[in-house]
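What follows is a short report on a single structure.
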Amino acid sequence: MGEAVAFGSEARWIGAVLSGGAKTGVPASWFRKSFAVPADVRRATLRVAALGLYECEVNGTVVGDLVLAPGWTDYAKRVYVQDHDVTAHLQAGENVIGLVLGDGWYCGHIANNDRQLYGQRPQFLLELTLETAAGRMSRVVSDSSWRVAVGPLLENDLIMGEDYDARLEWPGWSRAGFDDAAWQAAPLAAAPEIALEVSPGPPVRRQEIFEPVNPAALQPRQVGRGCACLLDFGQNMSGRIRLTVRGARGASLKIRHGEMLTANGELYTQNLRSARATDYYTLRGGEPETWEPRFTFHGFRYAEISWDSRAEVVLEKVVALALYSDMPPTGHFACSHPLLNQLASNIHWGLKGNFLDIPTDCPQRDERLGWTGDAQVFIRTATLHRDARGFFHKWLQDMRDAQRANGAIPMIIPNSRSFGDREDGGPAWSDAVYICPWVIYEQYGDTDILAAHYDCMRRHFDYLTQHRVRDLIREHPDIGGWQGFGDWLAQDGSGKTTGGTPHDLIGTAYYAEAARILGESAALLGKTDDAAHYRATRARIVGAFQRRFLTTDGLLFGGTQTAYAMALQFDLLPAALRGAAGAELARLIRANGLRMSTGFVGTPQILHALEATGHLDVAYALLEQTECPSWLFSVKHGATTIWERWDSWTPEKGFDPRGMNSFNHYAYGAVGEWMFSTVAGLALAAPGYARILFKPRPGGSLTSASARLQTPRGEAAIAWTLEGESLRLELTVPPDTGAELSLPDGWTAPAIRLVPGTHEIVAAKRPQ
Ligand code: BGC
């Protein structure tokens, strides 16, 4: 939970001068305040709370390196406050604070909604605290003595893009001596009754810079009456470009973004739907000028920059900047199969492209929402690449803010009420309420998250029991109403997006898992009665699941790959029938040409389920499959991120014509977890990696694999190489950690105590 932040009583909220309307954006407001500084200032801290987005300058220099601050929360309930150390920016005598205020999620477009979801126009509250060497404190605060004007930033919108006219800049606007007589007094805005807190999560920053891989394209080609450069940055990402240009005053650049190219080499933008994803920059003229948008981002690999060919324009430099939440890297996977290494990179980029203050489904089209289902299937894989603990503490607070009075969890967090705003996200979507805190607990040994979220889980479980369950069956067909997204985008639904797995089977499987997580959480939190209650409830749900869906010889009603994968993974079958269920799953896959038919729900579980029932060979066949549907199909066709659909693009059909066709959707990237834990063999055996299970499982065509992970106790690592009849292993056990080695069937090695440190072990094939 975020710590509360206070402002002095003299600070007032002040707001933008223009508001626009449901569809129309307006120029951003620029604020300035000049003030005198005592001679011996020792420390100066600038504290800002904004409804909207802001960037500050002090004496002509941009403060800090945060972008898109303060991020997205339910602004009707809370906003996060930033403290910036500006001591080094101050000078003796007159000083100036400048602040540019953008629309952002507060009042710009969100997804395909109209503008102004939370408020009509942005506003902010600011306080600069100055402390002298003698310990004297003074303050400069936001109030109506600030000056405001509208200027070069003509439009700024996360979904649409930015329009900036450099001719309208005021040189020196945030420096001393600037004449602001033509500016007006800043309008006071009502103080919102919301929590002002320190964010529990990391801020968004510019993280990586990409030069075009086709620099020759900076030389424009003639297109009709215009000139255009189509730049390829070699990596699909979320962010924006920064350009340096020289040219005539008033020449105007149009910058469009896209993830893919069409068959005739043009930017593919059909999948952006109503997102304009276009920036405009009008030159001031003369010296080279450098510009980067402030308050927008796009999902793109390619950018097309065009202008009227009669205007004199020279593009000197264009780079792409990847923006994402600042989470330290934690893990890395590699192996002898180049396509799998590219898949691992694509999975990591799924995170980088979509962990932008909240976990989004995709960063490019008019969506970019915190879809609960996507987040819960990917969360564990996320932690294997980046330290995602603070990020999810923040998002789970967003979830608590979004929970409805009756306990339902909306399908999108924060709830922007887009796409129909169902009461509850339904099976596998609203279950993020259990799975996300549980995974954070397991990966980091963090019981605080369970304590913070327990009540939210419990209330959701009550909601399900009262409204969505009959005879212990969740989404029982007799309940009626909407029954969730099913196995979203599965290939076994005869053309339907939700797949062929019965919704009540998915619902009941997840209901059992919810009871399990609640029971385990209650036990950890010392709530003994609750623990007993939820454990008993789970046993009853499992019984109901078996009665309704399981035949006596281990076959499942519905009979889909996802049904078997889920039943095995959530441990819903009698031990004696697991083998038969695993065999049936393997048979279904073989009968389908060694291909999956699973969607968002089944895909993350299928390889685990095969492995657990002795079908490692089939699991590897799926992992190495390159025909559609498979993970390597997109990789084979040059993907640098994970696609939303197995067949988002195929050589036969080209692009999927439906509007829902993202090329940066991390959900199917959840396979990353299996690559770490089974292919390389670095698996969690106790919360926070207090125990590690090294269980390398060489298979398929692989001859080596490795993984390393920064665990809460230090770095753990494994690397294996197959050399003829021997398996060479190098294991690193972090301090204060227990570890165990489980060799693949048929292999043996000298017994060794895996104490912290590095161990080299050579295993040999057991004589037959
Ligand atoms: C999103 C998904 C999401 C789904 C709900 C889509 O529009 O992009 O990833 O989970 O809707 O089924």
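Observations, loosely collected:
- One residue from 672, 714 being of a type outside the set (Asp, Glu), over 22 Å from residue 605 (Cα atoms) and away from the ligand (no atom under 16 Å from the Cβ): 714
- The residues of the stretch 96-148 that are of a type in the set (S, T, N, Q), touching a strand residue (DSSP E or B) at 6+ places or on another chain (Cβ under 8 Å), surrounded by fewer than 23 Cβ atoms within 10 Å (Cβ to Cβ) and in a loop (DSSP other than H, G, I, E, B), listed by number, are 144, 145.
- Checking the stretch 501-514 against the condition returns a match, with at least one residue being within 16 Å of the ligand (Cβ to nearest atom), not aromatic (Phe, Trp, Tyr) and not in a helix (DSSP H, G or I).
- Matching entry among 678, 758 (being closer than 26 Å to residue 622 by Cα and of a type outside the set (Lys, Arg)): 678
- Among (1) at positive phi; (2) in contact with a His (Cβ under 8 Å, 6 or more places away or on another chain); (3) among the charged types (D, E, K, R) - the single one residue 571 does not satisfy: (2)
- When residue 17 is tested against (1) in contact with a Pro (Cβ under 7 Å, 6 or more places away or on another chain); (2) outside any strand (DSSP E or B); (3) under 29 Å from residue 371 (Cα atoms), exactly one condition is not met: (3).
- All told, residue 684 falls short of being in a loop (DSSP other than H, G, I, E, B), in contact (Cβ under 8 Å) with a residue 60 or more places away in the chain and surrounded by 15 or more Cβ atoms within 10 Å (Cβ to Cβ).
- Residues within the stretch 25-41 that are over 30 Å from residue 132 (Cα atoms) and in contact with an Asp or Glu (Cβ under 9 Å, 6 or more places away or on another chain), tallied: 4
- The listed residue being touching a Ser or Thr at 6+ places or on another chain (Cβ under 9 Å), modelled with pLDDT of 95 or more and in a loop (DSSP other than H, G, I, E, B), out of 598, 626: 598
For every residue, the table says whether it meets (1) assigned to a strand (DSSP E or B); (2) small (Gly, Ala, Ser); (3) assigned by TED's automatic domain parsing to the domain that holds residue 313.
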residue	(1), (2), (3)
164	yes, no, no
213	no, no, yes
240	yes, no, yes
244	yes, no, yes
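- Being surrounded by 18 or more Cβ atoms within 10 Å (Cβ to Cβ), closer than 23 Å to residue 377 by Cα and β-branched (Val, Ile, Thr) holds for only one residue in 678, 732, 737, and it is 678.
- Selected residue (criterion: modelled with the lowest pLDDT) from residues of the stretch 706-732 that are over 27 Å from the mean Cα position of the chain (by Cα) and of a type in the set (Gly, Ala, Ser): 724
- Every residue from the stretch 726-752 that is of a type outside the set (D, E, K, R) and not in a loop (DSSP other than H, G, I, E, B): 726, 727, 729, 731, 732, 733, 738, 739, 741, 747, 748
- Of all residues in the stretch 484-524, those satisfying the criterion of being modelled with pLDDT of 95 or more and polar (S, T, N, Q) are 501, 508, 521.
- Among residues of the stretch 446-467, those that are β-branched (Val, Ile, Thr) and either within 15 Å of residue 400 (Cβ to Cβ) or touching a strand residue (DSSP E or B) at 6+ places or on another chain (Cβ under 6 Å) (or both), counted: 1
- Whichever residue in the stretch 378-426 is surrounded by fewer than 24 Cβ atoms within 10 Å (Cβ to Cβ) and on the phi > 0 side of the Ramachandran plot and, among such residues, is farthest from the ligand (Cβ to nearest atom): 407
- Only one of the listed residues (102, 71, 119) is under 21 Å from the mean Cα position of the chain (by Cα) and under 30 Å from residue 400 (Cα atoms). That residue is 71.
- When residues of the stretch 321-376 are limited to those that are more than 24 Å from residue 431 (Cα to Cα) and within 15 Å of the ligand (Cβ to nearest atom), the one surrounded by the fewest Cβ atoms within 10 Å (Cβ to Cβ): 366
- Residue list for the stretch 427-446, restricted to those being more than 15 Å from the ligand (Cβ to nearest atom) and in a loop (DSSP other than H, G, I, E, B): 445, 446
- Residues of the stretch 587-601 classified as within 16 Å of the ligand (Cβ to nearest atom) and among the β-branched types (Val, Ile, Thr), total: 2
- Cβ-Cβ under 9 Å pairs, at least 6 apart or on other chains, the stretch 533-557 side farther than 17 Å from residue 517 by Cα, far side among the basic types (Lys, Arg) and part of a helix (DSSP H, G or I): 554/578; 557/548
- Of all residues in the stretch 259-301 being closer than 28 Å to residue 645 by Cα and of a type in the set (S, T, N, Q), the one that is surrounded by the fewest Cβ atoms within 10 Å (Cβ to Cβ): 264
The values are calculated or read from the model by the stated rules, or taken from the named source; none is laboratory data. If you're wondering where the values come from, they're calculated on a predicted model, not measured in any experiment. All Cβ positions, even for glycine, are placed from backbone atoms using ideal geometry, and neighbour counts span all protein chains on display.
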